[in-house]
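I have a structure I would like to understand better, so I am pasting it below and will then ask my questions one at a time.
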Amino acid sequence: MSFARIFATLTAATLAAPAFAASQEELQAALVGNTFQGGMGGGMYSSYFAEDGTYHDANGTGRYEITEDGVCYPDTDYGCYQAEIDGTSLEWMKDGESEGKGEILSGDALGLME
């Protein structure tokens with residue numbers, strides 16, 4: 001097999017490789033004490049993930065848990081979302097499908113707790 005053919009095969013395999021969901025520790029480091037701003041479900045939203053396990057957004061507040069299943073919203077129908085994180089970019093995933101994406105902003109970037 002020629003070098004060009006091996007290179008093309010390896011490149012195609014690398015490009016087709018799925019991204020990996022962030023671990024529980026990566027999610028905690030990225031989200032706790034910070035704000036997510038982006039789109040999901042056809043609309044834009046911002047949500048601050050407080051250190052006490054509550055999230056705060058324009059619609060109010062609720063509880064979240066970061067587990068090995070992802071970011072979970074107990075007492076709601078939302079369930080759990082996995083996330084792929086690249087720097088400050090975050091893409092929410094559910095059942096292997098993209099549910100939305102946006103940016104992680106440092107701290108309570110939008111003053112949601114004021």
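The values are calculated or read from the model by the stated rules, or taken from the named source; none is laboratory data. Here the structure is a predicted model, which means the values were calculated and not measured. Cβ atoms come from the backbone with ideal geometry, glycine included; neighbour counts cover every protein chain shown.
If TYR48 satisfies every condition in (1) part of a loop (DSSP other than H, G, I, E, B); (2) touching a Ser or Thr at 6+ places or on another chain (Cβ under 8 Å); (3) at pLDDT 95 or above but one, which is the exception?
So TYR48 meets the others, but not (1).
Which one is nearest to GLN24 (Cα to Cα), of the residues in the range 60-95 that are outside any strand (DSSP E or B) and in contact (Cβ under 8 Å) with a residue 12 or more places away in the chain?
Within the range 60-95, the match that is nearest to GLN24 (Cα to Cα) is GLU68.
Just to be sure I understand, how many residues within the range 86-114 are of a type outside the set (Gly, Ala, Ser) and within 15 Å of GLY39 (Cα to Cα)?
Here the count works out to 12.
Filter the range 25-74 down to the residues that are under 19 Å from ALA109 (Cβ atoms) and of a type in the set (S, T, N, Q) and list them by number.
GLN28, ASN34, THR35, GLN37, SER46, SER47, THR54, ASN59, THR61
When you check ALA83 against the structure, is it touching a helix residue (DSSP H, G or I) at 6+ places or on another chain (Cβ under 8 Å) and at pLDDT 95 or above, yes or no?
Here the answer is yes, as ALA83 does meet what is asked.
Among the residues in the range 107-114, are any of a type outside the set (Gly, Ala, Ser) and outside any loop (DSSP other than H, G, I, E, B)?
Within the range 107-114, not a single residue is of a type outside the set (Gly, Ala, Ser) and outside any loop (DSSP other than H, G, I, E, B).
Within the range 80-88, is there a residue that is crowded, with 18+ Cβ neighbours inside 10 Å, within 10 Å of the chain's Cα centre (by Cα) and β-branched (Val, Ile, Thr)?
yes
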